[in-house]
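Note sheet for the following structure.
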Amino acid sequence: MAIVSDHPSSHRSSSDPARRPGEEEILDWLQEDRPERLELLWRQADRVRHQNVGDAVHLRGLIEISNHCTRRCAYCGVRAPNRRARRYRMTPQQILECVHLAVERGFGTVVLQSGEDPRHTGGWVADLVGRIKGETPLAVTLSLGERTAEDLVLWRQAGADRYLLRFETSNRELYDRVHPPAKGTVSDRIALLRLLREIGYEVGSGIMIGLWGQSWQDLATDIALFAKLDLDMIGLGPYIPHPDTPMAQHPDRYRLPPERQVPADELTTHKALALARILCPEVNIPATTAMTTINPEQGLELALSRGANVFMPNLTPDDHRARYTIYPSKTSLVHRDEESYHHLQHRLQALGREVGAGRGDSVRYSRRHP
Ligand code: 5AD
């Protein structure tokens, strides 16, 4: 089964595993460098996006509610041992103020994201979710890291709709090396993703592209895993080294020889994006902050033309946003002010795309829950 078909109108069924392209074909496309071939890949991804999820770009108001984190991920700037990170935690009042801004702007969803913050107890988050669901019509997406089954169930009962947890890499050995588990636990994000599905969440996952130690084969396996997990949402972006992390400080310990190491560049990110769209036609895929950070001028347009159908304007108040430095020079195209939102609307219109109405649930999820 070819990833790029010669027959533009042929329709692929993602639910038929026998017709799913294998890792070898994914690998070939990842390493493809001929511009005319890549043009076919971009066109196929754009066509699959248009046919399956349409032309609407769903907006999610992103609120980075805390940068406290107990974990020690080798790549991440807010890892616990980083003394230089200036920590903050938003109050429920501050968060609700941002939530109401999302309603005012007409967004259908808010995403609450944070490090693994021990002060965010099960009850604290459940209260917050309950208040948001009580006061607004918004869908609530949580992105709060690896949490206990008990917490995840509690939050779903409080009304949370979706959960984002990237598995970061399918290579278990690499995962363990860059991602030490919390004391006394085993970190198994794949198992957590299955649990999230059972609990009834709309489930999102994803990876970093070009994480040091990631081989081409690893990346092909990552992309095949998206389809196997039958995700509702897929988020990906280039790895961006943060100077206050072990990975950036000791490149030799992490990087593979150049011919094996996946580059953390825009082209490779777009190949992964396009392949994710073609393999998982009905999922929601955002143009992520990391994608627009490495290309502030055209990153949004390119991502939306190569498979993406979601964007997450950052509604975090400026002083907090500046401290949510999982990687450096993190730029947000759209902030809280009305002007930057209008600018976004113009950019979408210029692309021939419209702002999505309603919650923007994933077509994949809706099909599973008719
Ligand atoms: N560069 C790019 N992405 C990063 N993330 C964390 N640190 C970095 C970095 N240095 C991503 C991870 C995480 C998500 C919230 O941000 O994939 O899941």
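The values are calculated or read from the model by the stated rules, or taken from the named source; none is laboratory data. Please read all numbers here as calculations on a predicted model, not as lab measurements. Quick reminder, even Gly has a Cβ in these numbers, built from the backbone with ideal geometry, and neighbours come from all protein chains shown. Note: accessible area is taken over every heavy atom of the protein model, side chains too, but ligands, DNA and RNA are not part of it. Shrake-Rupley method; radii C 1.70, N 1.55, O 1.52, S 1.80 Å.
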Legend entry - Choice from L219, L348, L196 with maximal GNM fluctuation in the chain (Cα, 10 Å cutoff): L348
Inset, instruction - Please list, in chain and number order, the residues 5+ apart from F167 or on another chain whose amide H is under 5 Å from its amide H, with Hs placed from the backbone. - result: G206
Legend entry - Global form of the stretch 289-341, assessed from the alpha-carbon gyration tensor, a/c cut-off 1.5: oblate
Inset, instruction - For the chain, give the share of DSSP beta bridges that are antiparallel, in percent and rounded to the nearest 5; count only bridges with both residues there. - result: 5
Inset, instruction - Please list, in chain and number order, the residues 5+ apart from E146 or on another chain whose amide H is under 5 Å from its amide H, with Hs placed from the backbone. - result: none
Inset, instruction - Take the chain, connect every pair of alpha-carbon atoms lying under 10 Å apart with a spring to form a Gaussian network, then pick out the residue of G123, G200, G145 with the largest mean-square fluctuation. - result: G123
Legend entry - Under 17 Å from the Cα of K183 - aspartates and glutamates, other chains or at least 8 residues apart: E116, D117, E146
Inset, instruction - With a ≥ b ≥ c taken as the square roots of the eigenvalues of the C-alpha gyration tensor of the stretch 217-370, please select rounded if a/c is under 1.5 and otherwise prolate if a/b is larger than b/c or oblate if it is not? - result: oblate
Legend entry - Under the Karplus curve 6.51 cos²θ - 1.76 cosθ + 1.60, θ = phi - 60°, whole-Hz ³J(HN,Hα) for the stretch 193-203, x wherever Gly or Pro sits: 5, 5, 5, 4, 4, 4, 5, x, 6, 6, 10
Legend entry - Neighbourhood charge, 12 Å Cβ-Cβ cut-off, centred on V140 and excluding it, Lys, Arg +1 and Asp, Glu -1: +3
Inset, instruction - Between beta-carbons, use under 10 Å as the cut-off and find the net charge around I326, counting Lys and Arg +1, Asp and Glu -1. - result: +1
Inset, instruction - Using a 1.4 Å probe over the heavy atoms of the protein chains, calculate the carbon and sulfur portion of the accessible area of the stretch 301-370 as a whole percent. - result: 52
Inset, instruction - Among the lysines, select those whose C-alpha is under 22 Å from the C-alpha of K228, and discard any that sit fewer than 8 residues away in the same chain. - result: K271
Inset, instruction - Using the Karplus curve 6.51 cos²θ - 1.76 cosθ + 1.60 with θ = phi - 60°, work out ³J(HN,Hα) for each residue of the stretch 89-99 in order, rounded to whole Hz, and write x for Gly and Pro. - result: 9, 6, 7, x, 4, 4, 5, 5, 4, 5, 4
